[in-house]
1. When you scan region 39-81, how many residues do you find that are open to solvent by 70 Å² or more (accessible area, probe 1.4 Å) and at pLDDT below 95?
2. Please identify the pairs in which a residue from region 64-91 that is without any contact (Cβ under 8 Å) to a residue 40 or more places away in the chain has its Cβ atom under 8 Å from the Cβ atom of a residue that is crowded, with 16+ Cβ neighbours inside 10 Å and acidic (Asp, Glu), counting only partners at least 6 apart or on another chain.
3. Confirm whether Met111 is touching a residue at least 40 places away in the same chain (Cβ under 8 Å), within 20 Å of Arg43 (Cβ to Cβ) and under 16 Å from the mean Cα position of the chain (by Cα).
4. Quick one: which helices (runs of 4 or more DSSP H) lie wholly within region 151-220 and hold at least 2 residues that are surrounded by 13 or more Cβ atoms within 10 Å (Cβ to Cβ) and among the hydrophobic types (A, V, I, L, M, F, W, C)?
5. Does region 114-150 hold any residues that are under 18 Å from Glu174 (Cβ atoms), open to solvent by less than 30 Å² (accessible area, probe 1.4 Å) and free of Cβ contacts under 8 Å to residues at least 24 places away in the same chain, and which are they?
6. Do any residues in region 184-196 that are closer than 15 Å to Arg206 by Cβ have Cβ atoms under 8 Å from those of residues that are surrounded by 12 or more Cβ atoms within 10 Å (Cβ to Cβ) and among the polar types (S, T, N, Q), where the two are at least six apart or on different chains, and which pairs are they?
Amino acid sequence: MQDLIEQERFEMEVLDRLNSGRFLRRLIFCGGTMLRLCHGLDRYSVDLGFRILHPRAAGELFHTLQNHLTGYYQLKDAADKAHTLLYELRSPAYPRSLKIEIRKESEKVEMEQVIAFSPHSTRQVLLRVMTLKAMMASKIAAFLDRREIRDAFDMEFLVKKGISLDGPTEIDREILRSLELLTPRDYSVKLGSLLEAEKRSYYRQRNFAILKAALNSGDS
């Protein structure tokens, strides 16, 4: 767990430096790391995910942000791709590299301002984030696309926060079918490596019982 704690400190440091460089005003924080740092998601997340507010400015943002980051870190990778801006940072102060992904999607999403913080860091950053309702829609789409157990975990977290799944019956059934296809390795390795020890056995035994109940209830 210590390397994940250090990674979280790295994430908070980078958010603080993006804020001081006035880049966060151009971005919307999203994904699992946002849920953890802004809403208390009870799993670790190792990357920073954003959406750009104005996709037409992506080219200019790519170069100015690259220059800003190289003032603090070694860039293992930087790429302006068709749908995303990608960076991978290294710092001698932290054991892992940190990836930043900025999506260029043009569709509007609900957002709000929230403070990001970690119990492992003294830094706090006020930034623009996707609402929990928008994150539920994003996590459903991600889970059905890539079938990653962390997305199911995040959906259950959002259900416990009182966020409705809001999907048609056929989507709920597809989610349920995909949950049944998760393997013991998904629980023990992919998810277990991101959880504190006491939570690992709970999810191996319960298999997203709360999420499945919400999907089966007809109230989603």
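The values are calculated or read from the model by the stated rules, or taken from the named source; none is laboratory data. No experiment lies behind these values; they were computed from the predicted model shown. Heads up, the Cβs are rebuilt from the backbone with ideal geometry, glycines too, and the neighbour counts pull from every protein chain shown. For accessibility, only protein heavy atoms count, side chains too; no ligands or nucleic acids. Shrake-Rupley method; radii C 1.70, N 1.55, O 1.52, S 1.80 Å.
1. Count: 2.
2. Matching pairs, first to second residue: Leu75/Glu88; Lys76/Glu88; Asp77/Glu88; Ala78/Glu88; Thr84/Glu101; Leu85/Glu101; Leu86/Glu101.
3. Spelling it out, it is not the case that Met111 is touching a residue at least 40 places away in the same chain (Cβ under 8 Å), within 20 Å of Arg43 (Cβ to Cβ) and under 16 Å from the mean Cα position of the chain (by Cα).
4. Because the criterion is at least 2 residues that are surrounded by 13 or more Cβ atoms within 10 Å (Cβ to Cβ) and among the hydrophobic types (A, V, I, L, M, F, W, C), the helices (runs of 4 or more DSSP H) in region 151-220 that meet it are 169-180, 209-217.
5. Lys139, Ala142
6. Close Cβ pairs satisfying both conditions: Tyr187/Asn207.
Let's see how each residue does on (1) surrounded by fewer than 20 Cβ atoms within 10 Å (Cβ to Cβ); (2) in contact with an Asp or Glu (Cβ under 8 Å, 6 or more places away or on another chain); (3) in a loop (DSSP other than H, G, I, E, B):
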site	(1), (2), (3)
Asp3	yes, no, no
Glu6	yes, no, no
Glu11	no, no, no
Asp16	yes, no, no
Arg25	yes, no, no
Thr33	no, yes, no
Leu37	no, yes, no
